[in-house]
Amino acid sequence: MLGGIILIPAALIIDGVPHLSGGVAFVGLAYLAIFPTAIATILLTVLVRRAGPPFLSLVNYQVPVWAVAIGAIVLDEALPGHFLMALAVILSGLFIAQLGRRRQAE
């Protein structure tokens with residue numbers, strides 16, 4: 001929010017006052033503010049409380065894997081040849097990290 005406030009003067013100087021195109025743009029902005037952003041933040045908070053910050057940092061390694069997989073499934077993009085090897089390395093690392101954490105809990 002602070003970054004947005006700081007950039008408002010620069011945006012007004014460079015692009016001028018934006019033209020309001022009606023309710024469709026406002027509805028789209030409201031949707032993006034409420035659903036993907038707010039719900040993701042709530043889920044992130046719940047995940048940190050349940051699994052802990054170390055697990056959350058490990059989960060972030062999966063983001064590129066899911067991005068490529070969803071791109072291949074939904075957008076019919078070509079799947080890179082090294083994708084399966086990268087997936088195996090990431091999932092193995094997550095498994096090893098969780099295995100060590102479970103041994104400490106016992």
Given the conditions (1) in a helix (DSSP H, G or I); (2) touching a Phe, Trp or Tyr at 6+ places or on another chain (Cβ under 9 Å), and given that residue 20 satisfies all but one, which numbered condition is not satisfied?
(1)
Within segment 77-100, identify whether any single residue is among the polar types (S, T, N, Q), farther than 27 Å from residue 1 by Cα, at pLDDT below 85 and not in a loop (DSSP other than H, G, I, E, B), and answer yes or no.
yes
Return the pairs, sorted by first residue and then second, in which the second residue is of a type in the set (Phe, Trp, Tyr) and surrounded by fewer than 13 Cβ atoms within 10 Å (Cβ to Cβ), the first residue lies in segment 44-72 and is outside any helix (DSSP H, G or I), the beta carbons are less than 6 Å apart, and the residues are 6+ apart or on different chains.
none
So residue 16 fits all but one of (1) closer than 23 Å to residue 94 by Cβ; (2) without any contact (Cβ under 8 Å) to a residue 24 or more places away in the chain; what number is the exception?
(1)
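The values are calculated or read from the model by the stated rules, or taken from the named source; none is laboratory data. What you see is a predicted model; the values in this text were computed from it and never measured. All Cβ positions, glycine included, derive from the backbone under ideal geometry; neighbour counts span all protein chains shown.
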